[in-house]
Amino acid sequence: MGIQIWLVGDGLTKEEQIKASKGTLFIPFSQFPPKRLRKDCLYLTPPAMMSPKSFQNIDSCENWLPRRAMSASRVAGVIHALEGWNVHECGNTMFNIEKIWEASLHHGFRPLTIPT
């Protein structure tokens, strides 16, 4: 059997984690990462990007991210402000993802790489 990949939100329970197979990869789609209860599983952080080198006084926005990293939701807010977009994304309403991605790269944000 191959590796199991679980997309998890804020509601992931201890009981659900216990049921996961050894080696399961937990990928959060919520703002907060799941609690790391299993040493035999891999936990990723929520989507994040590295801030531009031009940004000053950046440590980290969340204590589970490395220095200069910002969660994707915070990056989106910065990009909306820098671009002057007056669009509110809520529920099923989604702005043009490709346009946001290109704008984030244009402003110096880079994908967060995970060391292997």
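The values are calculated or read from the model by the stated rules, or taken from the named source; none is laboratory data. Just so it is clear, the model here is predicted, and its values are computed rather than measured. Don't worry about glycine lacking a Cβ; one is built from the backbone with ideal geometry, like all the others, and counts go over all protein chains shown. Quick note on the areas: whole protein, heavy atoms, side chains included, nothing else; ligands and nucleic acids left out. Shrake-Rupley method; radii C 1.70, N 1.55, O 1.52, S 1.80 Å.
The accessible surface of the chain, taken with every protein chain in place and a 1.4 Å probe, is 56 percent carbon and sulfur. Taking the DSSP beta bridges with both ends in the chain, the antiparallel portion is around 45 percent.
Helix 97-106 and the longest principal axis of the C-alpha atoms of the chain enclose an angle of approximately 70°. When peptides 79-87, 25-33 are sorted by average Cβ neighbour count within 10 Å, with the highest value leading, the order is 25-33, 79-87. Taking a sphere under 13 Å around the Cβ of residue 104 and counting the other residues whose Cβ falls inside, with K and R at +1 and D and E at -1, yields a net charge of 0.
Between residue 38 and residue 74, full extension at 0.36 nm per residue minus the direct alpha carbon distance yields a gain of 10.1 nm.
Out of 34, 86, 72, whose Cα points farthest toward the positive end of the dipole of the chain (charges: +1 Lys, Arg; -1 Asp, Glu; placed on Cβ)? My answer, from the dipole projection, is 34.
Once divided by 2.2 N^0.38 Å, the Cα radius of gyration of the chain becomes 1.21.
Over region 1-103, give the accessible area per residue in Å² for a 1.4 Å probe, as an integer.
Result: 70 Å² of accessible area for each residue.
The residues neighbouring residue 42, those whose beta-carbon lies less than 12 Å from its own, together hold a net charge of +3 under the Lys/Arg +1, Asp/Glu -1 convention. Summing charges over neighbours of residue 70, with a neighbour being any other residue whose Cβ is under 15 Å away from its Cβ, gives +3 when K and R count +1 and D and E count -1. Counting only the Cα atoms, region 20-85 fills a convex hull of 93 Å³ per residue.
Under a model in which nothing but the beta-carbon of Lys, Arg (+1) and Asp, Glu (-1) is charged, the chain shows a dipole of about 500 debye around its Cα centre.
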